[in-house]
1. What do you reckon, is residue 56 modelled with pLDDT of 90 or more and within 17 Å of the chain's Cα centre (by Cα)?
2. Of all residues in the stretch 1-52, which are modelled with pLDDT of 75 or more, over 24 Å from residue 80 (Cα atoms), in contact with a helix residue (DSSP H, G or I) (Cβ under 6 Å, 6 or more places away or on another chain) and surrounded by 11 or more Cβ atoms within 10 Å (Cβ to Cβ)?
3. Would you say residue 74 is out of contact with any strand residue (DSSP E or B) (no Cβ under 7 Å at 6 or more places or on another chain) and at pLDDT 95 or above?
4. How many residues does the stretch 63-107 hold that are in contact (Cβ under 8 Å) with a residue 12 or more places away in the chain, farther than 30 Å from residue 39 by Cα and surrounded by fewer than 15 Cβ atoms within 10 Å (Cβ to Cβ)?
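The values are calculated or read from the model by the stated rules, or taken from the named source; none is laboratory data. All values derive from a computational prediction rather than experimental measurement. Every residue, glycine as well, gets a Cβ built from its backbone with ideal geometry; the counts of neighbours run over all protein chains shown.
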């Protein structure tokens with residue numbers, strides 16, 4: 001779901017060199033939503049999330065190449081903003097309540 005929840009799955013795996021191996025059982029616990037592309041709201045949320053993730057990938061590549069502290073800080077702020085945007089879209093897509101969102105953000 002949100003980045004914090006997905007990051008918590010790192011604790012359920014074991015490092016194999018640079019890669020993380022996660023067993024099947026924790027992955028089966030992730031509640032995946034099948035997007036109804038006939039539903040305009042769900043399709044728009046999907047498209048927004050995909051575009052934000054593409055931007056996030058580019059920003060992370062830029063962060064790896066950045067050499068100046070101010071440049072790195074600006075990229076890190078942009079990454080945090082995109083992660084927040086993605087989380088908000090996912091919360092809306094799953095129709096989460098404020099209580100559920102609060103619980104997720106405590107993870």
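1. On the way: modelled with pLDDT of 90 or more: yes; within 17 Å of the chain's Cα centre (by Cα): yes.
Answer is yes for this residue.
2. Passing the criteria: 35, 36.
3. Spelling it out, residue 74 is indeed out of contact with any strand residue (DSSP E or B) (no Cβ under 7 Å at 6 or more places or on another chain) and at pLDDT 95 or above.
4. Summing the residues that are in contact (Cβ under 8 Å) with a residue 12 or more places away in the chain, farther than 30 Å from residue 39 by Cα and surrounded by fewer than 15 Cβ atoms within 10 Å (Cβ to Cβ) in the stretch 63-107 gives 2.
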